[in-house]
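Okay, so here's the structure we're looking at.
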Amino acid sequence: MTITPLTADQVYQRCDPAALDFDTTDELRGAGTIIGQERAIEALRLGTGVRNNGFNLFVLGPGGVGKHEVVSQFLHERASGEATPPDWCLVHDFNTGNRPRLIRLPPGDGRRLCKVIEDLVQELRTALPAAFESDEFQRRMRELQQEMGQRHQQAFREIQEAADQQGIALLQTQNGFTFAPKDENGEVMDPERFRELPEERREAIEKAVGELQERLQAVIQQMPRWRKEAQEKIRSLHEEMAVFAVGHLLEDLHGKWADYPGVIGHLDAIREDVTANVEALIGQGGEQGQSLQAFFRRYEVNLLVDNAEQQGARVVYEDMPSHQRLVGRVEHQVHQGALVTDHHLVRAGALHRANGGYLILDARKVLTQPLAWESLKRALFSRRVHTEPPEQYFSLISTVTLEPEPMPLDVKVILLGERSLYYLLTAYDPDFAELFKIEADFEEDLARTDESIHDYARLVATLAGEREVRPLDRQAVARVIEHASRMADDSERLSIHNRAIGDLLVEANQWAIRDDSRNIRADDIQQAIDHQVYRASRVRENIDRAIQRETLLIDTAGSAVGQVNGLSVMQLGGQAFGRPARITATARLGRGHMVDIEREAKLGGNIHSKGMMILSNLLASRFAGEAPLSLAASIAFEQSYGGIDGDSASVAEYCVLCSVLSGHGLAQGIAVTGSVNQHGQVQAVGGVNEKIEGFFDVCSQRGLDGRQGVALPRANIANLMLHPRVVDAVAAGRFHIWPLSHVDDALTLLTGTEAGVVDADGHFPDGTVNRAVADRLRHFAKLAERRSGGDGAAVKSDNGDNVGDGEDGREE
Amino acid sequence: MAITSVTGKTAVKSEPAVTRILVLLDDTRGARAALETAADLAAHQHAELVGLFVEDTDLLRSAGLPFSHEISMTSGQTRPLEAALVERELRERARLLEQALASAGTRRALRWRFEVGRDRLERAADTAAEPRDTLVVGRNGWRRHYGPAMGSVASRLARATRCSVLVVGEERPRHDRPVVVLQPGGDDPSPTLDTAIRLARDRSRPLCILLRPGSGPSAELERLAGEWSRRVGTPIRFEHIADTRAPTLVEALHRAEGQALVISRASEPLATAEGYRLLDELDVPVLVID
């Protein structure tokens, strides 16, 4: 069985610049950046079309694929054709004082209302004082005061006249009045003289004084009622003046805003407030002008949402979706040491601004901001925006604040986030499924076809335009397309990570500038790619150096028993690179126990262990189908001091195990990758490009001898997009890539001996690797049977090692 | 009354300076305002401040009557009015008022004196006051509601005494309003006008002269006005009034937004007891001069 290595064309899918029908990307300007996202676009179309509650969207996909740009572009196009949402105004609550009322107005009318009320306030400030300084008002006030005074005076005069007629004086005391008889000089009678008066006279005087006292008492007790009546009349006069001063102004506005009950309600409230507080108003002025200003400030309007200049529905992106920036906030001012607020200090949140349109949010940010997720859900469930400060929830501050009327909400929320967030929310938050019923899953790549290549070229052109870089010539675009396949790890697909492509263009532009080139060329793209790799290659170079100095033992020539080159991938930040790893195996007599040293040392992951178990069973089923597998083997990644996971080394591990059992040496110039199933089929693995390039670099530094190469699963051929230096070596026959379908292919390739196919009797042909393995295992089985048939003492493997019971027990 | 005439080309003293400012003291708010005004006036004119507290004999006799009661002005309730109680209250009141007078006088470095008289109020005031004195009397807000029928203290004193009487209220007058003077009707208008002019000049206010019905500003009056206006740079204006009855005068004063009224005791509104109600009708200080 001969395994044919891949050709250069098979390890790199070139993009023919001749297939591109332009000279530079300047000719492609104007194309969009949305390609390959039909599924997501369809979801967006559905999600934005359904206005029912709960049909909000979650846009899934990794960062850098252009979710935000795509969603934003789609929504802006859609929103521009929709109705412009209304303006929302906030006005003072004249009933309770702390629940500002909302007024909904057609777009643009909010500004108009603000101006109208400002003008009204200005007029009130002049019209009210003028009315109360008028001659008429002053005269009528004096009339009322005189009327009240005359009423009192008349009552007193009558009492005094009655007293005078009876020769009795009415005197003022410190706290009131008293009556006393007068003498012939009009002065109060001396007490001695009074006592000398006849008894009848004294009694008459006493009686008269008593009656006068009663009359005076009655008058004094009437006075509060008279005062109240007078105050009522004064208040009526004030109201009459106030209505006269503001009535015509308000009547005009009534007519103009008759279609808006909220405005009419506010105007009526102003009228009532002016008349109710007119005494305070006319008492203000001068030093208290600031208070007057605060008084009139209550009439003015806070334009919470202004859509005067908006065309179509709004698309709002809130980049810091905290609780307050979502639902708005109530600010405070320090006034004479106290925190005060009013409806003018209520600020709109993103939900207010996006009302009637679309709100884009980053899911991760919403979830990491305190209260933001709960506030968003509450708003979407209740379809109302409640502007409440977070302190209120936690009772952190006990100061006077406002509870603005909740705004009715009609908004479509689009959350952008990673897939993991979507799955976590779906699993752990029952509200999530209720509120975000549409998922828009973004593709990370698209099929590489003749048609898509042209679309991709337009995407490159658009990204170049957006990043303001020099135009790319067609060769450069072709190189970008090839790199997109490499980014996708698939020669038949193209990555649509717009951010990474855009960054590549920016870097390539620098190389073009350095070379004073009008266009970005393929070389500039390659330079940018190489430098991206170079910048991240410190660790890789350290490892390469260690291999060259044989600190890390990797053979790249000759053959060895029980030793093979496996391949691993290290992911560091945004870059990954491959490195070879020596895998060794030992085998001895035992009870079918396979020791995975990585697992025993707790350095192997679960998937690696699974691969080892599959490998163990594959070996047993092929070579010990009818007898116990009397083997104790161990496999290890040499000089590996970190964790290992994955099953991509299982083909190599199978080969090294067969090598140690069969005694056939394995070619050290060949590295192997691939996983194996229980039937011996080789299965695809990831990171093949990096693995191949990693081994290639080690070999090329030592000198390529034409026999080196990498064996990889045939299923991975489609993933190959190797670096040009590797492709060139493959084309020159100095390095080879062998495709594997079965583990026997790997054995044949690595040992240079046929693996051997089992015949109808279940035997492998003589001289094959598998035959040697089978013979060795059969030998182990006989030894085990013979040595354990007696006293049950510990058996010995053929190399003399003890095989303890305890070790066997661990296999259980 | 010390009046520096500005009627001629040269300013001459037409009368000796005021020697004393008398203030009638009791424990009402109006009297307290009167004390402050009187102290300011005394400081301004370098005069002696005399506080006069009168123990009203009518009240003392009344308290000695066996059936005497005080009717509360606020509640209308009565309580016995006992002579001993009244005597004790008067003594205590006198002590407190002397302290208040001392405080006002000391703050302004004045010569001050406290006098207590036991007599009827008008007689005591008239006895204490000399013609060249100025008597300052407080206008008590609450008494104005009942006082006119009974004759308020201010109007009674303004009528009974022979000196100038300044009636002040509790409210401080505004300083940007004119001094208003009623054109005197007698042969010699100078004392009244001179006083009004000096008042306006000292306080940098305009002067408004209310002209009697049927009379225009005489040549002498116009000359006076022009002279004074040139000297102090503040205009004088003339206002006609329909008659000289008290209500008309009150109306004119309101219209002119006057902050003080200067009026001659010999003028018509003060010719009768009714006319003296004018003093209680007004919210601004009134200076009644002979």
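Taking neighbour counts of Cβ atoms within 10 Å as a proxy for exposure, in what order, fewest first, do B:163, A:89 appear?
Numbers: B:163 25, A:89 28.
Going from least to most buried by this count: B:163, A:89.
From a point 7 Å beyond the Cα of residue A:136 in the direction of its Cβ, which residues of the stretch A:208-244 have a backbone N at a distance under 12 Å? Within reach of a label on residue A:136: A:240-244. 3J(HN,Hα) couplings calculated from phi for the stretch A:197-205 with the Karplus curve 6.51 cos²θ - 1.76 cosθ + 1.60 (θ = phi - 60°) are, in sequence order, 5, x, 4, 4, 5, 4, 5, 4, 5 Hz; Gly and Pro show x. Here r is the Cβ-Cβ distance between residue A:2 and residue A:717 and R0 is 22 Å; the resulting FRET efficiency, rounded to 0.05, is 0.80. Distance between the pseudo-spin-label points of residue A:535 and residue A:572 (7 Å out from Cα toward the beta carbon): 1.5 nm.
Residue exposure proxy: A:744, A:523, ordered by other Cβ atoms within 10 angstrom of their Cβ from fewest to most, comes out as A:523, A:744. Under the simplified labelling scheme, the residue A:766-residue B:75 pair shows an inter-label distance of 14.0 nm, with each label point 7 Å from Cα along Cα→Cβ. Legend: residue pairs A:602/A:782; A:602/A:691; A:365/A:437; A:412/A:437; A:67/A:691; A:377/A:437, Cα-Cα distance threshold 22 Å; pairs beyond threshold, A:602/A:782; A:602/A:691; A:67/A:691. In whole angstrom, note down how far apart the Cα centers of the stretch A:107-154 and the stretch A:463-479 are. The two parts, judged by their Cα centres, are 73 Å apart.
Modelled label positions at residue B:87 and residue A:638, each set 7 Å beyond Cα in the direction of Cβ, lie 13.3 nm from each other. Each Lys and Arg adds +1 at its Cβ and each Asp and Glu adds -1 at its Cβ; summed about the Cα centre, the stretch A:548-804 shows a dipole of about 260 debye.
For the stretch A:473-550, state which trypsin sites (Lys or Arg not before Pro) are in a DSSP loop and have at most 12 other beta carbons lying within 10 Å of their beta carbon.
For trypsin sites (Lys or Arg not before Pro) across the stretch A:473-550 that sit outside H, G, I, E and B with at most 12 neighbouring Cβ atoms in 10 Å, the list reads A:518, A:549.
The three principal axes of the C-alpha atoms in the stretch A:709-771 carry coordinate ranges of 48, 22, 11 Å, sorted with the longest axis first.
Do the sum for chain A: with -39,500 (n - 2.57) for every DSSP H run of n ≥ 4, divided by all residues, what is the mean residue ellipticity at 222 nm, to the nearest 500 deg cm²/dmol?
Values: 30 runs with 398 residues, N = 812.
The helix-only estimate for chain A comes to -15500 deg cm²/dmol at 222 nm.
Antiparallel as a % of all DSSP beta bridges within the stretch A:651-791, to the nearest 5? Of those bridges, close to 25 percent are antiparallel.
Here the calculated FRET efficiency for residue A:145 and residue B:40, from their Cβ-Cβ distance with R0 = 30 Å, stands at 0.55, rounded to the nearest 0.05.
For the stretch A:503-518, the Karplus equation 6.51 cos²θ - 1.76 cosθ + 1.60, evaluated at θ = phi - 60°, returns couplings of 5, 4, 5, 5, 5, 4, 4, 4, 5, 5, 5, 4, 8, 6, 9, 5 Hz by residue, with Gly and Pro reported as x.
Each of A:777, A:180, A:317 was scored by the projection of its Cα onto the charge dipole of the protein assembly as shown, and the greatest displacement toward the positive side belongs to A:180; charges sit on the C-beta of Lys, Arg, Asp and Glu.
If you place +1 on the Cβ of every Lys and Arg and -1 on the Cβ of every Asp and Glu, how big does the dipole about the Cα centre of chain A come out, in debye to the nearest 20? Display every interim value, and only then the final one.
Details: 88 positive and 122 negative charges, 355 e Å.
It comes to approximately 1700 debye.
Which of the lysines could a cross-linker bridge to residue A:256, judged by Cα under 28 Å and excluding same-chain residues fewer than eight apart? Cα-Cα hits under 28 Å: A:115.
Around the amide H of residue A:93, modelled in the peptide plane, lie the amide H atoms of A:99, A:101, all under 5 Å away and 5 or more residues distant in sequence or on another chain.
Counting other C-beta atoms within 10 Å, and keeping those with at most 10, which DSSP coil chymotrypsin sites (Phe, Trp or Tyr not before Pro) do you find in the stretch A:611-671?
Numbers: sites: A:623, A:637, A:641, A:654; in loops: A:641.
Passing sites in the stretch A:611-671 are A:641.
Ignoring solvent entirely, what values of log10 I(q)/I(0) come out of the Debye formula for chain A at 0.07 Å⁻¹ when each Cα is a single scatterer? Each listed q maps to, in turn, -0.78.
Across the stretch A:548-804, C-alpha contacts under 8 Å between residues 6 or more apart give a mean separation that, scaled by the residue count, equals a relative contact order of 23 percent. Taking amide H atoms as placed 1.01 Å from N in the peptide plane, the amide H of residue A:416 lies under 5 Å from those of A:59, A:361, A:362, A:363, each 5 or more residues away in sequence or on another chain.
Relative contact order of chain A: 16 percent, from C-alpha pairs under 8 Å at least 6 residues apart in sequence.
Nearest 5 is fine: what % of DSSP beta bridges in the protein assembly as shown come out antiparallel, could you say?
Values: 60 of 130 bridges.
If I count the DSSP bridges inside the protein assembly as shown, around 45 percent turn out antiparallel.
If r is the Cβ-Cβ distance from residue B:171 to residue A:51 and R0 is 60 Å, what FRET efficiency results, to the nearest 0.05? The calculated FRET efficiency here is 0.35.
What is the distance in Å between the Cα centres of the stretch A:681-732 and the stretch B:60-118? Between the Cα centre of the stretch A:681-732 and that of the stretch B:60-118, the gap is 120 Å.
Taking max minus min of the alpha-carbon positions on each principal axis, the stretch A:1-144 gives extents of 127, 39, 23 Å, largest first. Farthest toward the positive end of the dipole of the protein assembly as shown, out of A:375, A:510, B:168, is the Cα of B:168, where the dipole comes from beta carbon charges about the Cα centre. By the Kirkwood approach, averaging reciprocal distances over each pair of separate Cα atoms, the stretch A:77-218 gets a hydrodynamic radius of 22.5 Å. Here's the list of aspartates and glutamates a cross-link from residue A:610 could span, going by alpha-carbon distance under 18 Å and ignoring same-chain residues fewer than 8 apart: A:596, A:598, A:600, A:645, A:647, A:653, A:811, A:812.
Computed 3J(HN,Hα) for the stretch A:87-96, one whole-Hz value per residue from the Karplus formula 6.51 cos²θ - 1.76 cosθ + 1.60 where θ = phi - 60°, is 7, 10, 10, 10, 10, 4, 9, 7, 7, 9, glycine and proline marked x. Out of every Cα-Cα pair in the stretch A:548-804, what percent are more than 27 Å apart? Every Cα pair in the stretch A:548-804 considered, those over 27 Å come to 35 percent. Fewest neighbouring Cβ atoms within 10 Å first, the residues A:58, A:695, A:74 line up as A:74, A:58, A:695. The length gained on full extension between residue A:309 and residue A:119, counted as 0.36 nm times the residue separation minus their Cα-Cα distance, comes to 66.2 nm.
Extension gain, residue A:466-residue A:252: 0.36 nm per intervening residue step, less the Cα-Cα distance, totals 71.7 nm.
Near the amide H of residue B:115, within less than 5 Å, lie the amide hydrogens of B:51, B:52, B:53, all on another chain or at least 5 residues away, with H placed in the peptide plane.
Read the figures in this text as sums done on the coordinates, not as results from a lab. Just so you know, these numbers come straight off a predicted model, no measurement behind them. Neighbour counts are summed over all protein chains in view; Cβ atoms, including those assigned to glycine, are modelled from backbone coordinates with ideal geometry.
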